[in-house]
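What follows is a single structure, written as structure tokens, with notes after it.
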Amino acid sequence: MEAPSLELPSKEVLLKLYRDLLTARRGEAEIFAIQSKATGRGSGHRGPGEEAIPIAILNNLTETDCFHPNFRTYFCHFAKPGFTLKDAIAQSLGRRSEHPLIFTPELGAMGSSGTLGEASVRYVGAAVANVIQKTGDVTVFIQGDGASNRAPTHEAMVVAAAWQLPIIFVIQNNKYGMGTSWRKSYNIEDLSVRGAGYGMPHERVDGNDMLAMYLVAKKHIDRCRAGGGPSLICADTWRLRAHYEGDAQIYRPKGEGQDWQKYDPLPRYEKQLRELGVLSQEDVGRLEAEVTEEINTTIKEVESMTVPSSFEDFTASAIDGL
Amino acid sequence: MAEIRYIEALNQAFREEMRRDEKVVMWGEDIISMNDVHGQTRDIYDEFGGDRIKDTPICEQAIAGMTIGAAYRGLRPIGIYMNAGFSLCAFDGLFLKLGCKSVGRYVPGDIPATIYGVIAGPIGDGDNDHGMSPESLYAHAPYLKIVMPSTPYDVKGLVKSAIRDDNPVMVWDHAWNFYQGHKDGKIERMANVQEVPEEEYLIPLGKADVKREGTDITIVTYSFQVHNALAAAYNLAEEGISAEVVDLRTIVPLDVDAIVDSVKKTGRLLIVHEAMKRAGFAGEILFRISEHSPDLIPSLKSPFRRLAGWNLPLVNRPELVPTMGTIMSTVKEMV
Ligand SMILES: Cc1ncc(C[n+]2csc(CCOP(=O)(O)OP(=O)(O)O)c2C)c(N)n1
Ligand SMILES: [Mg+2]
């Protein structure tokens, strides 16, 4: 897949994307280390290698645009204007920041769904509300290839297309849904072609190529913002790790997809930037140090926050006895 | 005061709330093109235009999701289901996301969403999926208020309150209310008409209404069965039995005080609902009475009973649900 021939973003944007990608990678790893230490075992769904997709998208959104991440890369949500690294770390460590990443509707975050797929129709509702209230906001809804099979996604796309809503659906296609591979789930390889069935523009992109991903995201988001209606992007990537940490991965041959390591968006993008002359070896070292420092300070800050008693939240809202 | 039909009262409720608050919007299947089949949404498109009322494709899950998502983003939407049974296509959205407010590991605050749908009952379209009563399924969720009206006056005041509520309310409306009602001991076509005030009024959610006073037995019921109960009570009075009919109007919140007051007075309790008996709402009512007044149930003059739909799919067989006749015979066995 080639990068679309669009104008290169400014140096400032290129470097911001790099810094965000680096922050996502290092931050998520740090959080995972803390969580493992606390529980004595690694757990959680990790997404290193897939971050370029949300990061590229989030760098095209405004504070009030709506956005739903795939659960595996929720941490990247800090890159949305209005949210901060502190919000992402607070959520990861069970603290309550001013703007909970998972649910701050005024910043376009309206929750995820434990039942994968369902959130798609809620974000369509947000898109409808944005149109009726003439806010001008766009909505980007990312979910995994597995979740994208579910019925609500179909209904979401039917309505979005029929009403020409300002919403972009993105499939973060890492080829697996838990232990079930793409081979068992699809009779197509390019999931973006599904868009044709709804009458939506659709595009496949290498989701591990930050530059391509950014340009495709920008093209679709600009188009959507200008009133062009919904579209579907399928961003190909690879789940480098297990479904959850500690999952023995009996469902796939050992080492399957290890060659994807060489498509890891972080070193790949770094190389691109150096070839473009935007980033030097010294810059890389400096940014690593800066990002590490920022993550560590923020973690300390978050750890000193009190753990909220969510029980009171629950009981306060009971309607007819407990 | 003008005497109006049930559907007209409901239509007035929708239109008054849409006039009052431009954030009130509604969507559902054929709510413009066929006025929601029974006329509930008549003239709304003409008055308010396409931003405020929308016909959707056939997409029950999207109707739920859109209602929730739009409520998060500042609107006060009403999601309309052509039939209550169809809402079960969207059980995830309605039960888990609206009813349990789940959005991840976090409980959001207000969700000013209303869900409206029609129970066709045992004839109507003639199958279970159109006809069934889903209220017990939804009553299991912590955050769903559930409104089940029976008269023109009530539906107007209750639906207006439902729309204004800052949290999820479901209105499951029985189609038989649209076309028939009790009159002088009979169920008659077009009898569900009532004088409804021209000036605005609201009926708070969670307040039962004693539709007929009596001294020998309390019949606790809601929705269209109120009409069967009232017709039965009328006839029972001719036979010397004085039955009190308590219309719950909302099953969540449940007006336990009103039920207990009535049962204390009459000393007998019959609960009537159209939904299937097993795990039906009657069991919940009984427990709530017992938790509220532990001595009341043991002191009853005869064992409490329930009349409910058979534990069978509701396929075009009116005798599968309580009728005026079965209510009368059950009361006579109890008194
Ligand atoms: C409705 C539903 N079915 C099953 C699951 C269990 N489950 C959790 S994650 C997952 C895999 C999801 O795959 P995909 O959407 O591709 O996301 P990925 O894990 O690859 O990021 C499954 C099946 C669920 N959470 N919800
Ligand atoms: Mg996947």
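The values are calculated or read from the model by the stated rules, or taken from the named source; none is laboratory data. Computed from a predicted structure; not experimentally measured. Positions of Cβ are backbone-derived with ideal geometry, glycine not excepted, and every protein chain shown enters the neighbour counts. These accessible areas exclude ligands, DNA and RNA; they are computed on the full protein's heavy atoms, side chains included. Shrake-Rupley method; radii C 1.70, N 1.55, O 1.52, S 1.80 Å.
So the values come out like this:
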item	result
Cβ pairs under 8 Å, 6+ apart, first in region B:18-33 and more than 13 Å from chain A (Cβ to nearest Cβ), second in a loop (DSSP other than H, G, I, E, B) and crowded, with 23+ Cβ neighbours inside 10 Å	B:ASP30/B:ASP36; B:ASP30/B:MET82; B:ILE31/B:GLN40; B:ILE31/B:THR41; B:ILE32/B:THR41
Top-ranked residue of region B:242-287 - restricted to ones that are surrounded by fewer than 18 Cβ atoms within 10 Å (Cβ to Cβ) and within 14 Å of chain A (Cβ to nearest Cβ), ranked as nearest to B:LYS211 (Cα to Cα)	B:ASP257
Total residues in region A:91-134, condition more than 27 Å from B:VAL25 (Cβ to Cβ) and either within 16 Å of ligand 1 (Cβ to nearest atom) or buried (at least 24 other Cβ atoms within 10 Å of the Cβ) (or both)	4
Whichever residue in region A:63-107 is outside any helix (DSSP H, G or I) and either basic (Lys, Arg) or in contact with a Pro (Cβ under 6 Å, 6 or more places away or on another chain) (or both) and, among such residues, is farthest from the other protein chains (Cβ to nearest Cβ)	A:LYS80
Exclusive hit being within 13 Å of A:VAL121 (Cα to Cα) and acidic (Asp, Glu), set B:ASP55, B:ASP92, B:ASP51	B:ASP92
Some residue of region A:243-264 being open to solvent by 40 Å² or more (accessible area, probe 1.4 Å) and in contact with a His (Cβ under 7 Å, 6 or more places away or on another chain)	yes
Matching residues in region A:41-69 - criterion: being basic (Lys, Arg) and in contact with a helix residue (DSSP H, G or I) (Cβ under 8 Å, 6 or more places away or on another chain)	A:ARG46
Output for region A:144-160, where each listed residue is under 21 Å from A:ILE102 (Cβ atoms), more than 9 Å from ligand 2 (Cβ to nearest atom) and among the polar types (S, T, N, Q)	A:THR153
Failed item, numbered, when B:VAL331 is tested on (1) open to solvent by 30 Å² or more (accessible area, probe 1.4 Å); (2) touching a helix residue (DSSP H, G or I) at 6+ places or on another chain (Cβ under 7 Å); (3) over 24 Å from B:LEU205 (Cα atoms)	(1)
Filtered residues of region B:184-211 (kept if of a type in the set (D, E, K, R) and either in contact with a Gly (Cβ under 8 Å, 6 or more places away or on another chain) or in contact (Cβ under 8 Å) with a residue 12 or more places away in the chain (or both))	B:ASP184, B:LYS186, B:GLU188, B:GLU195, B:GLU198, B:GLU200, B:LYS207, B:ASP209, B:LYS211
Close pairs (7 angstrom Cβ cut-off, 6 or more residues apart or separate chains): part of a loop (DSSP other than H, G, I, E, B) in region A:235-256, within 12 Å of ligand 2 (Cβ to nearest atom) and of a type in the set (Asp, Glu) anywhere	A:THR237/A:GLU50
Residue ID - surrounded by the fewest Cβ atoms within 10 Å (Cβ to Cβ), chosen from residues in region A:162-178 that are touching a residue at least 60 places away in the same chain (Cβ under 8 Å) and more than 11 Å from ligand 2 (Cβ to nearest atom)	A:GLN164
Extreme residue, farthest from the chain's Cα centre (by Cα), among residues of region A:126-143 that are of a type in the set (S, T, N, Q) and more than 16 Å from ligand 2 (Cβ to nearest atom)	A:GLN133
Candidate set from region A:141-186 (those that are touching a Phe, Trp or Tyr at 6+ places or on another chain (Cβ under 9 Å) and part of a loop (DSSP other than H, G, I, E, B)); member that is farthest from the other protein chains (Cβ to nearest Cβ)	A:LYS175
Test: A:HIS77 is within 16 Å of ligand 1 (Cβ to nearest atom) and either without any contact (Cβ under 8 Å) to a residue 40 or more places away in the chain or surrounded by fewer than 22 Cβ atoms within 10 Å (Cβ to Cβ) (or both)	yes
Unmet criterion (only one of (1) within 16 Å of ligand 2 (Cβ to nearest atom); (2) open to solvent by less than 50 Å² (accessible area, probe 1.4 Å)) for A:ILE221	(1)
Selected residue (only one of A:GLY228, A:GLY199 is within 14 Å of chain B (Cβ to nearest Cβ), more than 15 Å from ligand 2 (Cβ to nearest atom) and surrounded by fewer than 19 Cβ atoms within 10 Å (Cβ to Cβ))	A:GLY199
Residues within region B:148-179 that are within 13 Å of another protein chain (Cβ to nearest Cβ) and in contact with a helix residue (DSSP H, G or I) (Cβ under 7 Å, 6 or more places away or on another chain), tallied	3
Some residue of region A:64-72 being surrounded by fewer than 22 Cβ atoms within 10 Å (Cβ to Cβ) and touching a residue at least 24 places away in the same chain (Cβ under 8 Å)	yes
Residue in region B:306-313 that is farther than 22 Å from B:MET328 by Cα and either open to solvent by 10 Å² or more (accessible area, probe 1.4 Å) or part of a loop (DSSP other than H, G, I, E, B) (or both) present	yes
Tally, over region A:231-261, of residues that are within 23 Å of the chain's Cα centre (by Cα), within 13 Å of ligand 2 (Cβ to nearest atom) and not aromatic (Phe, Trp, Tyr)	10
Complete set of residues in region B:124-183 that are touching a His at 6+ places or on another chain (Cβ under 8 Å) and either open to solvent by 30 Å² or more (accessible area, probe 1.4 Å) or in a strand (DSSP E or B) (or both)	B:GLY124, B:TRP176, B:GLN180, B:GLY181, B:HIS182
